[in-house]
1. Out of all the residues in the stretch 432-443, is one or more touching a Gly at 6+ places or on another chain (Cβ under 7 Å), modelled with pLDDT under 85 and surrounded by fewer than 16 Cβ atoms within 10 Å (Cβ to Cβ)?
2. Does Thr193 count as surrounded by fewer than 19 Cβ atoms within 10 Å (Cβ to Cβ), touching a residue at least 24 places away in the same chain (Cβ under 8 Å) and touching a Phe, Trp or Tyr at 6+ places or on another chain (Cβ under 6 Å)?
3. Here is a list of conditions, (1) at pLDDT 95 or above; (2) among the basic types (Lys, Arg); (3) under 19 Å from the mean Cα position of the chain (by Cα), and Lys113 meets all of them except one; can you say which number that is?
4. Could you list all residues from the stretch 221-246 that are part of a loop (DSSP other than H, G, I, E, B) and closer than 22 Å to Pro171 by Cα?
5. Need pairs with beta-carbon distance below 8 Å; first residue closer than 16 Å to Asp56 by Cα and within the stretch 237-248, second open to solvent by less than 30 Å² (accessible area, probe 1.4 Å) and part of a helix (DSSP H, G or I); sequence gap 6+ or separate chains.
6. Tell me the residue from Ile338, Ile405 that is open to solvent by 10 Å² or more (accessible area, probe 1.4 Å), modelled with pLDDT of 95 or more, under 30 Å from Ala60 (Cβ atoms) and touching a strand residue (DSSP E or B) at 6+ places or on another chain (Cβ under 9 Å), please.
7. Residue by residue through the stretch 140-174, note down the ones that are among the aliphatic types (A, V, I, L, M), under 17 Å from Val249 (Cβ atoms) and open to solvent by 10 Å² or more (accessible area, probe 1.4 Å).
8. Restricting attention to the stretch 330-353, which residues are touching a Gly at 6+ places or on another chain (Cβ under 8 Å) and among the aromatic types (Phe, Trp, Tyr)?
Amino acid sequence: MSRTLRRGMLGGVLAAVVTATVGVLVAAAPTPAPAVTANVGTGTGYLHTDGNRIVDATGATVRITGINWFGMETDNKTFHGLWSTNPWRNQIDTMARLGYNTLRVPYSNDALKPGATASGINDFVNPDLVGLSPLQILDRVIEYAGGKGMRIILDRHRPTAGGQSALWYTPAVSEQTWIDDWKMLARRYAGNTTVIGADLHNEPHAEGTNPNATGACWGCGVPARDWRLAAERAGNAILGVQPNWLIFVEGVSCPSGGLSNVWDGDPSNDEDCGWWGGNLSKAGEFPVRLTVPNRLVYSPHEYATSVYEQAWFDAPDFPANLPGIWDRYWGYLHKQNIAPIMMGEFGSTLADPRDKVWLERLMAYTGTGVNGMSFTYWSWNPNSGDTGGIALDDWTTINTTKQAILQPYLIAPVGGGPSPTPTGGPSSPPPGGGCTVAYRTTNTWQGGFQGELTVTNTGGAAVNPWRVTWSWPSGVTVASGWNATVTQSGGAVTAAAPTWTPSLGVGASVTIGFTANGPTSTPSAVALNGAAC
């Protein structure tokens, strides 16, 4: 998906003619079931596959119900919306609270280069990100999202910030660079179970007119164009470094890798084409073969009329024709228990009434509950020109129409969302002792500062739930906090344990981060559950 302007998917009028044959009549999709009540989160440890399921280290089924947060693939080289008045952690808090348990993070190889710089950051709202490289910002997002029980999928979206490419390499970015950068990322996040895998290349697609195809094909056997073979080369190289990752492989648009010449009178050159990255119709015949078993996930893309007016949207049997189209392009892989499906992108502005029907039918097709197909919605960002986002233009308010359609299918991360302040009275102090404290100011600016307060439980038993308090002089106020729910009343500050790490064991430490308005100050009268440090 391009960020602000969508390209013609199949080559204008050629695509319209080629896809006019689509229209399989099937039963209408059922009404979505009620919202999932069980919160199984994203599982334990690394994930792998079992038939058409994604499972965790214990064998429990995991459904990825995530969202795309783009920007690292653009000239900014980092997440969009960091320029807004909504701090970055708050945005992740909202995603988790809404039920998105995974972030798909698009990037370009430009953002990975030594010396790459991130831009478009509001230094007043996000002072902790100022001066960090794109990869260092990604590290922060991964750490914070992981603390909420979320997972991360890395998506090589573009070779350069300039735009997408039909093939996985370009004159400026070789195949070897593509693979080497993937191996670097695999090493960087080795052992970090928040990062679960690699979406190898975004939206391989056709270029050139058949029989002179120059774009990505599937199963054609030409090493320079066969996306299936390239996915094997890159996927196996990554697994050689990080055998625990999932390898997400998108489809192509036309299996031949070229647009059909409908004017030449030769039907042998005409074929059924789909969305960029969305056509996995040949994957059953020509599967991706990885050296580590149970790591392959197919990841199609699917869009609506706000992106491109595909012929099936105007078919007489719309919307009953949609499940048959999805079956043919990618759904059969799930239904035949060949491999899991993780729909990496789908979205719409919903400006056309047909698009609302499309989204409702698509979600019903994926199925409800933990056994449904996985997905990452496009996108969190409101500045996706042909789809819009879940966030509106202020990066804070939510598009409730879209969210209401997706909500029944979302499985929130365990511990997702801001943690409420514990109720029912104060927690017990640590038995047999108290705590020690260390503090450092990590950043300052005119009118504010950022700090980290580390508290260690030196008592004789775990504290559950833990609660840290301290005092500040008049004129100092909390602006934001992380690793705890930080609130203030007068000069008294309380940092309450998050639901995902409520217990502080004997000898264990917690580091509470915050930004504050006012003159740079050191917390005083620090206490753990009422016991002075």
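The values are calculated or read from the model by the stated rules, or taken from the named source; none is laboratory data. Since this is a predicted model, take the numbers as computed values, not measurements. Methodologically, a virtual Cβ is constructed for each residue, glycine included, from the backbone with ideal geometry; neighbour enumeration extends over all protein chains shown. Keep in mind that these areas ignore ligands, DNA and RNA; they rest on the heavy atoms of the full protein, side chains included. Shrake-Rupley method; radii C 1.70, N 1.55, O 1.52, S 1.80 Å.
1. Within the stretch 432-443, one or more residues are touching a Gly at 6+ places or on another chain (Cβ under 7 Å), modelled with pLDDT under 85 and surrounded by fewer than 16 Cβ atoms within 10 Å (Cβ to Cβ).
2. Here the answer is yes, as Thr193 does meet what is asked.
3. Exception for Lys113: condition (3).
4. Of everything in the stretch 221-246, those that are part of a loop (DSSP other than H, G, I, E, B) and closer than 22 Å to Pro171 by Cα turn out to be Gly221, Val222, Pro223, Ala224, Arg225.
5. Taking only residues 6 or more apart or on different chains, the pairs are Trp245/Ala186; Trp245/Ile238; Trp245/Leu239; Ile247/Ala231; Ile247/Gly235; Ile247/Ile238; Ile247/Leu239.
6. Step by step, each of Ile338, Ile405 is checked, and only Ile338 is open to solvent by 10 Å² or more (accessible area, probe 1.4 Å), modelled with pLDDT of 95 or more, under 30 Å from Ala60 (Cβ atoms) and touching a strand residue (DSSP E or B) at 6+ places or on another chain (Cβ under 9 Å).
7. Residue satisfying the conditions is Leu167 alone.
8. Those that are touching a Gly at 6+ places or on another chain (Cβ under 8 Å) and among the aromatic types (Phe, Trp, Tyr): Trp330, Tyr332.
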